[in-house]
Amino acid sequence: MKLLVTGGLGFIGSAVVRHFASQPDCSVLNVDKCTYAGNPASVAPVSESANYQYLQADIADSTAMADAFQQFRPDAVMHLAAESHVDRSIDGPGDFIHTNLVGTFSLLQAALGYWRNLAEPAQQRFRFLHISTDEVFGSLGPTGSFTETTPYQPSSPYSASKAGSDHLARAWHHTYGLPVIVTNCSNNYGPYQFPEKLIPLITLKGIAGETMPVYGKGDNVRDWLYVDDHVSALACVLAKGSPGETYNIGGQCELSNLEVVKTVCTILDTQIPANAPHSELIKFVTDRPGHDFRYAMNTSKLSSELGWQPAETFASGIAKTVRWYLDNRTWWQSILDDSYRLERLGAQANSHGK
């Protein structure tokens, strides 16, 4: 299989690239603009493989995308390239509109032009897998969960742009017949995650003995999904999923942000006992504007129809994650020395005075 992956230098994208490029019967073209969140070191384990190629390009560049399809001739696309950091979308929404909407449009157009000229057997095999987020559904109350038919109600510039990209992907299937499959995932965590996200941020703050900021009261709830479980789910959907369908992917593990932070502190206490207790570093800070209260994913469709289940519990996944950051200082220190220094983003007040 020849697989074109967009955003393959990012957190989830690089996990996808590492998985598929290590398969003997798969070759991968990684298309990534290499912005602040893209890190070539994240694909170092497969970068010298004959199964791996890299193209530095903007998915919004329609000519570059058309050329990529014609030259690589993929059997499938896994579209992960996106601006995905909510706090940054509050400070600068323009980049999110450009990449998530214009970029997805350009990629769909390139894929459609390529797919239409394939022989019928290749057309039948081709898949365009559009990877999205649970944030498009908005916020839940204390009960219930998102299903594949939950109405969209995005709250942030990020989630609004992703909602728009989901609608584009489905429209290209229903209008033009492009064999698109959409997935919506819950909060991912694991190795190689950019340090402004909650778990790596708290972990690195704890390693440095610095204050650990927690938004509001820390009672916002998320469904936590280990990144390699997400990759296994995407591989399952790619192999067994039906064009035109949507599949929710989640870790079946709801925890509040404060519970997650305290779990990281407990692990750090065992790994760096000289700085224990790390929980004394926790500091509650003003919540970010429009912060959704709770997300929860109903993944029964994926499990019942395609047979997927996560392999990691939160306990096993978070232990692996914290250990990875402790063992891979070179990877994250290069980021702290360059594009991000653990500062707060997205604190602009909204019209309601938050």
Open item on the list: Residues that are closer than 30 Å to K283 by Cβ, at least 2 per element: which strands (runs of 3 or more DSSP E) completely within the range 139-258 meet that?
Closed with: 187-189, 212-215, 221-226, 254-256
Open item on the list: So in the range 299-328, with the set limited to residues that are part of a loop (DSSP other than H, G, I, E, B) and of a type outside the set (A, V, I, L, M), which one is surrounded by the most Cβ atoms within 10 Å (Cβ to Cβ)?
Closed with: T299
Open item on the list: L4 - would you say it is within 15 Å of L238 (Cα to Cα), crowded, with 24+ Cβ neighbours inside 10 Å and in contact (Cβ under 8 Å) with a residue 12 or more places away in the chain?
Closed with: yes
Open item on the list: Taking the condition of being open to solvent by less than 50 Å² (accessible area, probe 1.4 Å), within 24 Å of V102 (Cβ to Cβ) and not in a loop (DSSP other than H, G, I, E, B), how many residues in the range 34-71 meet it?
Closed with: 5
Task: Checklist (1) touching a helix residue (DSSP H, G or I) at 6+ places or on another chain (Cβ under 9 Å); (2) touching a residue at least 60 places away in the same chain (Cβ under 8 Å); (3) not in a strand (DSSP E or B) applied to D287, failing item - done: (1)
- [ ] Please specify each residue of the range 258-290 satisfying the condition of being of a type in the set (V, I, T) and in contact with a Cys (Cβ under 9 Å, 6 or more places away or on another chain).
- [x] I282
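Let's see how each residue does on (1) under 20 Å from L255 (Cα atoms); (2) of a type in the set (A, V, I, L, M, F, W, C); (3) under 18 Å from the mean Cα position of the chain (by Cα):
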{"position": "H278", "(1), (2), (3)": "yes, no, no"}
{"position": "S300", "(1), (2), (3)": "yes, no, no"}
{"position": "S304", "(1), (2), (3)": "no, no, no"}
{"position": "G307", "(1), (2), (3)": "no, no, no"}
{"position": "A315", "(1), (2), (3)": "yes, yes, no"}
{"position": "V322", "(1), (2), (3)": "yes, yes, no"}
{"position": "D327", "(1), (2), (3)": "no, no, no"}
Open item on the list: Go through (1) at pLDDT 95 or above; (2) in contact with a Phe, Trp or Tyr (Cβ under 7 Å, 6 or more places away or on another chain) for G13 and report which single condition fails.
Closed with: (2)
TODO: Would you check if L255 is farther than 30 Å from L168 by Cβ, in contact with a helix residue (DSSP H, G or I) (Cβ under 8 Å, 6 or more places away or on another chain) and at pLDDT 95 or above?
DONE: yes
Open item on the list: I'm checking my understanding of the structure. Among residues of the range 289-298 that are touching a strand residue (DSSP E or B) at 6+ places or on another chain (Cβ under 8 Å) and open to solvent by less than 40 Å² (accessible area, probe 1.4 Å), which one is farthest from E254 (Cα to Cα)?
Closed with: H291
Open item on the list: Going residue by residue through the range 71-84, is there one that turns out to be under 17 Å from I335 (Cβ atoms) and in contact with a strand residue (DSSP E or B) (Cβ under 6 Å, 6 or more places away or on another chain)?
Closed with: no
Task: Count of residues meeting criterion [part of a loop (DSSP other than H, G, I, E, B) and either at pLDDT below 95 or surrounded by fewer than 12 Cβ atoms within 10 Å (Cβ to Cβ) (or both)] in the range 109-137 - done: 2
Open item on the list: With at pLDDT below 95, part of a loop (DSSP other than H, G, I, E, B), buried (at least 17 other Cβ atoms within 10 Å of the Cβ) and not hydrophobic (A, V, I, L, M, F, W, C) as the only criterion, which of S89, S84 stands out?
Closed with: S84
Task: Residues that are at pLDDT 95 or above, among the hydroxyl-bearing types (S, T, Y) and open to solvent by less than 40 Å² (accessible area, probe 1.4 Å), drawn from the range 145-188 - done: T150, S161, S165, T183, S186
Task: Out of P74, P24, sole residue that is more than 21 Å from the chain's Cα centre (by Cα) and buried (at least 19 other Cβ atoms within 10 Å of the Cβ) - done: P74
- [ ] Could you please find all residues in the range 223-248 being open to solvent by 10 Å² or more (accessible area, probe 1.4 Å) and either in contact with a Phe, Trp or Tyr (Cβ under 8 Å, 6 or more places away or on another chain) or of a type in the set (A, V, I, L, M) (or both)?
- [x] W224, Y226, S232, A235, C236, L238, A239
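The values are calculated or read from the model by the stated rules, or taken from the named source; none is laboratory data. Predicted, not measured: the structure shown is a model, and the values here were computed from it. Here the Cβ is made from the backbone with ideal geometry for all residues, glycine too, and neighbour counts use every protein chain on show. When the accessible area is computed, the model is the full protein with side chains, heavy atoms only, and any ligands, DNA or RNA have been set aside. Shrake-Rupley method; radii C 1.70, N 1.55, O 1.52, S 1.80 Å.
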